[in-house]
Amino acid sequence: MSKRIDRRKVLKGTAATGLGLGIASQAFAVPSILAQEKAKITFWTTHTDLGFEALTKIGEDFNAQSDAYEVEVVQRPPADVTDSSSLITAVRGGEGPDVYLLDRFIVAERAAQGLLQDLTQFMEDAGDNTDLTDRYVPFAAAEAVYNGAPYALPFDTDVRMLFYNTKMLEDAGVDTSSWAPENGPITLEAAAEAFNKLNVEEGGKYTQYGFVPYFNQGWHYTYGFDFGASFFDYDNCEVTPDDPKMIEASQWVQDYCVANDADKTYAFIQNAMRNGAPPTDNPFIQERLGGFVSGNWMFAQFESYMGDAAGDVAYTYIPAATEGGESATWAGGWSGVVPQGAKNPEGGYAFVRYLCGTEGSRTYVEMNNNLPVLIELTQDTDLLGPDLTWCVETLFPTTHYRPPLPVGAKYWDELTTAWQSIYLNQAKPEDALAQAKKNTQAELDQGGYCPITNPIGS
């Protein structure tokens, strides 16, 4: 049997949140007790929709239990994960928030730029262990540390997998029984052969498509890890996007796109790739795309936007690069940080501690169906339900993470520029990746950041 989404768990999570209400107001002053006696905390996030609703609820709960502080949850405009321009401008202008929700893999870069406060003293004053691996899963702890010091507390995480529409595939004559996770990962070639049966052209353009390899979470890191590439050499303090395995992975994606006409493929998917595009623009949700690589946050979206068709959605490992090979996935996730110049840094840490602690994390899992990074919650199968439990038990042990570097955002942006030129067939993979290396390494060298401490040791 395919690994189908457990709809009861997802429905439980979505029903409690008022899904579909849209983006809430830009600033939400959550109710508090004796608010006039409490010190104000300002918390910024770029989250929207369900994520913002969950963060607002966490703020409300924090205020209800705190005698000393009142947090205001402020929604900032959506932005690319590497775009911290709003935070940077505010901090340098002396108008920064007390807490910011920052994509964890760029914590090291923002710390190196002097934008974040080292949390060591705050943690010691609160009696917290500064060794984040004491409470958090290793890959999340590693991303929150820069040169041995904690600059963030991990908040949540997500892992990537292959989602596919069983009805679309079976209607096209594809037997999906072998795709079930208990059979191990299928290969990229097998997946491509099956998905290509779904491609439909009308009037010189695709109206239905099987699989767009770079859509959603089909990133450079996704295929690089899947092919066994390494992205950083700590011994030589060198970025390695030109790893032969990364070139091989990029060539596979380019060849796939060229075989299906790279321009027509992009024309089919580009609307759904816009920054801030609503879930309803996703052709998989529209039942016009047979499969895609994405993360566990999609469980709630399928239930919210696909109705009964959500029952046709199944998931499994990201296809392996070779027959008999292992699948690979990677984790992202957010973190709570206290920016430099915070007007209430002590209160900021108090909220970060709550947000990224048991209470805040539990609320976020319950409302947003995202994965916790607190070790104690990863073991709570009643909280997680079957789908998230599968992610934790099956994918966590071998989950990769992006190297936490003082040029992490720069590296991502350079890889993304190279990636686009590769899947659009505008450059050879080796040339595009060589340019990404040159540009990123130059910034690493010019910044004088080397050597860089490996967060998990040598």
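At a glance:
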item: Which numbered condition residue 267 misses (of (1) at pLDDT 95 or above; (2) crowded, with 19+ Cβ neighbours inside 10 Å); result: (2)
item: Residue in the stretch 261-275 that is assigned to a strand (DSSP E or B), over 19 Å from the mean Cα position of the chain (by Cα) and not hydroxyl-bearing (Ser, Thr, Tyr) present; result: no
item: Strands (runs of 3 or more DSSP E) lying entirely in the stretch 156-218 (those with 2 or more residues that are over 23 Å from residue 370 (Cα atoms)); result: 200-202, 205-211
item: Yes/no for residue 427 being over 25 Å from residue 143 (Cβ atoms), assigned to a loop (DSSP other than H, G, I, E, B) and either outside the structural domain of residue 233 (by TED's automatic domain parsing) or of a type in the set (D, E, K, R) (or both); result: yes
item: Test: residue in the stretch 127-140 that is crowded, with 23+ Cβ neighbours inside 10 Å, touching a Gly at 6+ places or on another chain (Cβ under 8 Å) and assigned to a strand (DSSP E or B); result: no
item: Residue selected from the stretch 231-264 under the condition of a type in the set (Phe, Trp, Tyr) and farther than 18 Å from residue 438 by Cα, by the criterion surrounded by the fewest Cβ atoms within 10 Å (Cβ to Cβ); result: 252
item: Residue match in the stretch 441-451 (condition: outside any loop (DSSP other than H, G, I, E, B) and either closer than 25 Å to residue 318 by Cα or in the same structural domain as residue 227 (by TED's automatic domain parsing) (or both)); result: no
item: Given (1) farther than 18 Å from residue 146 by Cβ; (2) over 21 Å from the mean Cα position of the chain (by Cα); (3) outside the structural domain of residue 295 (by TED's automatic domain parsing), index of the condition residue 361 fails; result: (2)
item: Residue among 403, 397, 386 that is outside the structural domain of residue 121 (by TED's automatic domain parsing) and crowded, with 20+ Cβ neighbours inside 10 Å; result: 403
item: Filter pass, residue 434 being part of a helix (DSSP H, G or I), in contact with a helix residue (DSSP H, G or I) (Cβ under 8 Å, 6 or more places away or on another chain) and either hydroxyl-bearing (Ser, Thr, Tyr) or touching a residue at least 24 places away in the same chain (Cβ under 8 Å) (or both); result: no
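A quick yes/no check of all residues on (1) farther than 10 Å from residue 291 by Cα; (2) more than 26 Å from the chain's Cα centre (by Cα):
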position: 161; (1), (2): yes, no
position: 166; (1), (2): no, no
position: 171; (1), (2): yes, yes
position: 174; (1), (2): yes, yes
position: 180; (1), (2): yes, no
position: 184; (1), (2): yes, no
position: 188; (1), (2): yes, no
position: 201; (1), (2): yes, yes
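Residues checked against (1) at pLDDT below 95; (2) outside any loop (DSSP other than H, G, I, E, B); (3) not aromatic (Phe, Trp, Tyr):
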| residue | (1), (2), (3) |
| --- | --- |
| 78 | yes, no, yes |
| 81 | yes, no, yes |
| 97 | no, no, yes |
| 105 | yes, yes, no |
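The values are calculated or read from the model by the stated rules, or taken from the named source; none is laboratory data. On a predicted model such as this, the values are computed, not experimentally measured, just so you know. Positions of Cβ are generated from backbone atoms using ideal geometry, with glycine treated the same way; all protein chains shown enter the neighbour counts.
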